[in-house]
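The values are calculated or read from the model by the stated rules, or taken from the named source; none is laboratory data. Model, not experiment: these values are computed from the prediction. Virtual Cβ from ideal backbone geometry, glycine too; neighbours counted across all protein chains shown. Note: accessible area is taken over every heavy atom of the protein model, side chains too, but ligands, DNA and RNA are not part of it. Shrake-Rupley method; radii C 1.70, N 1.55, O 1.52, S 1.80 Å.
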Amino acid sequence: MKKNNESIKNNKRKASTKPSSKNSKIKEKSSLITKLIPKTTSEKVLTISFILLLIIVIILGIKTLTLKQNQTKKEKVDLTLPILEKTVNNEFSIDLSSLEQDEIKEYKFMITNYKDDKVLSTDINYQIEVKNNSNSVAIKLYKNKDNQNLLSKDSTTSIIKDNKLSKDKKTEDIYYLIIRRKGEILAKENITIKITSIN
């Protein structure tokens with residue numbers, strides 16, 4: 001009997017200690033929360049200003065990320081040529097004298113049907129004429145990341161026809177001119193590109 005009474009007392013002690021440990025944990029958590037909550041007005045002002053600064057930093061971070069994404073979407077080009085009316089000729093030349101032996105250079109030019117907010121109101125066709133007066137370079141021309149070379153092989157002049165810009169919405173074609181030096185370049189050797197809009 002004595003043993004049974006002692007075991008009952010021990011069980012009661014164990015049972016009484018368990019809830020008190022739970023209560024102490026709850027008290028510790030609540031004391032931590034009360035420590036975090038500001039009590040004075042200066043602490044409240046500091047907490048509010050910290051939260052506001054944190055929100056501003058998050059908003060600025062999101063804005064910079066979206067701006068970077070937009071900039072990467074818009075590809076950088078070396079030259080933009082807007083065609084805003086029919087029978088317009090745009091021409092430019094690329095000097096080859098700065099190319100090193102076996103150097104490969106890429107020139108990007110963009111042909112658009114707009115300039116700022118002014119957009120062409122009719123469909124327009126155009127052609128590109130590429131003249132290479134140098135035997136010391138190999139050139140290739142690609143359109144809008146397409147893998148097909150648009151230039152004729154072993155020809156000093158190539159004409160790319162059947163290009164079209166649609167009306168009433170901003171349209172652009174990006175061309176990639178790849179130039180590789182393979183020999184000695186003489187003075188006044190260049191590549192001339194002429195864009196002509198057609199009726």
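Per-structure values
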item	result
Criterion violated by residue 109 - all others in (1) at pLDDT below 85; (2) open to solvent by less than 90 Å² (accessible area, probe 1.4 Å); (3) not in a loop (DSSP other than H, G, I, E, B) satisfied	(1)
Filtered residues of the range 112-155 (kept if of a type in the set (Gly, Ala, Ser), open to solvent by less than 70 Å² (accessible area, probe 1.4 Å) and in a loop (DSSP other than H, G, I, E, B))	134, 136, 152, 155
Which listed residue is modelled with pLDDT of 65 or more, open to solvent by 100 Å² or more (accessible area, probe 1.4 Å) and over 30 Å from residue 136 (Cβ atoms), from 2, 39	39
Residue within the range 92-101 that is over 19 Å from residue 182 (Cα atoms), among the hydrophobic types (A, V, I, L, M, F, W, C) and touching a strand residue (DSSP E or B) at 6+ places or on another chain (Cβ under 9 Å) present	yes
Options 83, 33; residue that is out of contact with any Gly (no Cβ under 7 Å at 6 or more places or on another chain) and either surrounded by 10 or more Cβ atoms within 10 Å (Cβ to Cβ) or at pLDDT 80 or above (or both)	83
